[in-house]
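Here's the structure we're looking at; comments come further down.
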Amino acid sequence: MKLATLKNNTRDGRLVVVNRAMTQCVEVSHIAPTLQFALDQWSVVESKLQDVYRQLNEGSVPSMETFDPGLCESPLPRAYQWADGSAYVNHVELVRKARGAEMPPSFWTDPLMYQGGSDDFIGPRDDIELPSDEWGIDFEGEVAVITDDVPMGVSDENARDHIKLLMLVNDVSLRGLIPAELAKGFGFFQSKPASAFSPVAVTPDELGDAWQNAKVKLPLISHYNKELFGNPNAGEDMTFDFGELIAHAARSRNLGSGAIIGSGTVSNKQGAEHGTSIQEGGVGYSCLAEVRMIETIRDGKPSTPFMKFGDTIKIEMKDTQGDSIFGAIEQTVVKYSG
């Protein structure tokens, strides 16, 4: 099943069911007016939404409308919880090696995770508005899951049962602000502006055989300024699966329905020491920071600039037939006008 939230001048938008081809949709306010409402009542409404999805794909729903990703909010325009992990330890190792720091062995057994701002997500086709492009603007292509209510202390295996939907993420980072914030010892805040999620959230069954062991075994495709930048496989080199990430987040607290847990930047070693660019015949990267880290390790300093006003990013994932699963995140960096 595919679900989206269309803009309607309210904070939480209106929930629609989207057909598999993502060409048509239908409003389901009689079942659930918003996605958060649906998640709060998931055991009751899931089967009803699935019935609508089946009828929509059969073309037997009379009140269909054309689906336009440009009219979408992120599936959850705001959420009670947004916690982003760093499941691809290759990405973490790169960052630390570039600054000459050893990586603690615990990073391979205990996930990194930060609590992001979740009160103001932006739509998948909304501009990335920022006051300055001197802050080291970077995109980060990721996969995320949405849960129902998760009890504190849940096991890794049981945590998988709480995964109800999946999305893609552009977790925007301001690399120039990160060092000073981390030096304070309290973590990210100003360096992590609003994230954007894919137009559509899907139930795990939509992924078919690509959904295995709580991992998505498909390439995550990024086009930076309209050129292919990366297509690393999200199921490879993922040290911690989504069950482990959810259990980590719920170790000392309950997670409420609608909690979003991110994978962190998708990153593959590709058989090389750290990874290889598209131009060099590899699968590339999901953020600019990785390219800069490799340049630093290899050349002593980075040469690839961060994003400037006018730069664009597109993040998408396709099935084995080449069809988009979640729709594409397509954004342009622009100056915030106040």
- Which helices of the chain meet both criteria: a Cα extent of 18 Å or more along the helical axis and a mean Kyte-Doolittle score no lower than -1.0, with helices taken as whole DSSP H segments? 42-58
- Task: Return the FRET efficiency for the residue pair THR66, ARG253: r is the Cβ-Cβ distance, R0 is 30 Å, and the value is rounded to the nearest 0.05.
- Result: 0.10
- Message: Students often get this wrong, so check it: of LYS226/LYS308; LYS164/LYS192; LYS2/LYS164; LYS308/LYS335; LYS217/LYS269, which have C-alpha atoms separated by over 18 Å?
- Response: LYS164/LYS192
- Note on the structure: The Kirkwood hydrodynamic radius of segment 80-122, taken as the inverse of the mean 1/r over all distinct Cα pairs, in Å, comes to 11.9
- Let me know the charge dipole size of the chain about its Cα centre in debye, to the nearest 20, where only the beta-carbon of Lys, Arg (+1) and Asp, Glu (-1) is charged. 440
- Stokes-Einstein D for segment 18-153 at 25 °C, 0.890 mPa s, Kirkwood Rh over Cα pairs, in µm²/s? 131
- Convex hull over the Cα atoms of segment 192-338, averaged projected area in nm²? 11.5
- Taking only the alpha-carbon atoms of segment 95-243, what semi-axes of the equivalent ellipsoid follow from 5 times the gyration tensor eigenvalues under a square root, in whole Å, largest first? 26, 21, 17
- Message: Can you give me the solvent accessible area of VAL283 with a 1.4 Å probe, rounded to the nearest 10 Å²?
- Response: 40
- Note on the structure: Per the Cα gyration tensor, segment 90-174 corresponds to an equivalent ellipsoid with semi-axes, largest first in Å, of 27, 24, 10
- In the chain, what % of DSSP beta bridges are antiparallel (nearest 5)? 90
- Item | Label of the coordinate-derived value, Cα extents along the principal axes in Å, listed as [x] 62, 44, 41; [y] 59, 47, 38; [z] 62, 46, 44 | [x]
- Of THR296, ILE146, SER286, which is farthest on the positive side of the dipole of the chain, counting Cα position, with +1 on Lys and Arg Cβ, -1 on Asp and Glu Cβ, and the Cα centre as origin? THR296
- For segment 238-289 and segment 36-86, what is the separation of their Cα centres, given in Å? 25
- Per residue accessible area in Å² of segment 1-131, where ligands, DNA and RNA are left out and the probe is 1.4 Å: 48
- Task: Two decimals is fine: what's Rg over Rh for segment 170-250, C-alpha atoms, Kirkwood radius as Rh?
- Result: 1.03
- Query: Loop-only check: which trypsin sites (Lys or Arg not before Pro) in segment 69-112 are DSSP coil with at most 15 other Cβ within 10 angstrom?
  - Reply: ARG99
- Taking a probe of 1.4 angstrom, what is the accessible area of VAL17 in Å², to the nearest 10? 0
- Item | For segment 225-309, fraction of C-alpha pairs farther apart than 18 Å, in % | 55
- Item | Mean accessible surface per residue for segment 157-296, computed with a 1.4 Å probe while every protein chain stays in place, in Å² | 39
- Message: Name the residue from GLN270, VAL92, ALA4 whose Cα lies farthest towards the positive end of the charge dipole of the chain, charges +1 on Cβ of Lys and Arg and -1 on Cβ of Asp and Glu.
- Response: VAL92
- Message: Could you tell me the center-to-center distance, by alpha carbons, between segment 137-152 and segment 294-315 in angstrom?
- Response: 25
- Can you give me the three principal axis dimensions of segment 274-338 from its C-alpha atoms, in Å, biggest first? 42, 40, 14
- Item | Mean projected area in nm² (Cα convex hull; one quarter of hull surface) for segment 1-89 | 7.1
- Hey, what number do you get for the chain at 222 nm if only DSSP H runs of n ≥ 4 count, each worth -39500 (n - 2.57), divided across all residues, to the nearest 500? -5500 deg cm²/dmol
- Message: Through the Karplus equation 6.51 cos²θ - 1.76 cosθ + 1.60, θ set to phi - 60°, convert the phi angles of segment 135-150 into ³J(HN,Hα) values in whole Hz; use x for Gly and Pro.
- Response: 9, x, 5, 9, 8, 9, x, 9, 10, 9, 10, 10, 10, 8, 5, 10
- Message: Leaving out ligands, DNA and RNA, and with a 1.4 Å probe, what % of the accessible surface on the chain is carbon or sulfur?
- Response: 48
- Query: In what sequence, largest accessible area first, do VAL334, VAL145 appear using a 1.4 Å probe?
  - Reply: VAL334, VAL145
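The values are calculated or read from the model by the stated rules, or taken from the named source; none is laboratory data. Nothing here was measured: the structure is a model prediction, and the numbers come from that model. Cβ sites come from the backbone with ideal geometry, for glycine too, and all protein chains shown count toward neighbours. Keep in mind that these areas ignore ligands, DNA and RNA; they rest on the heavy atoms of the full protein, side chains included. Shrake-Rupley method; radii C 1.70, N 1.55, O 1.52, S 1.80 Å.
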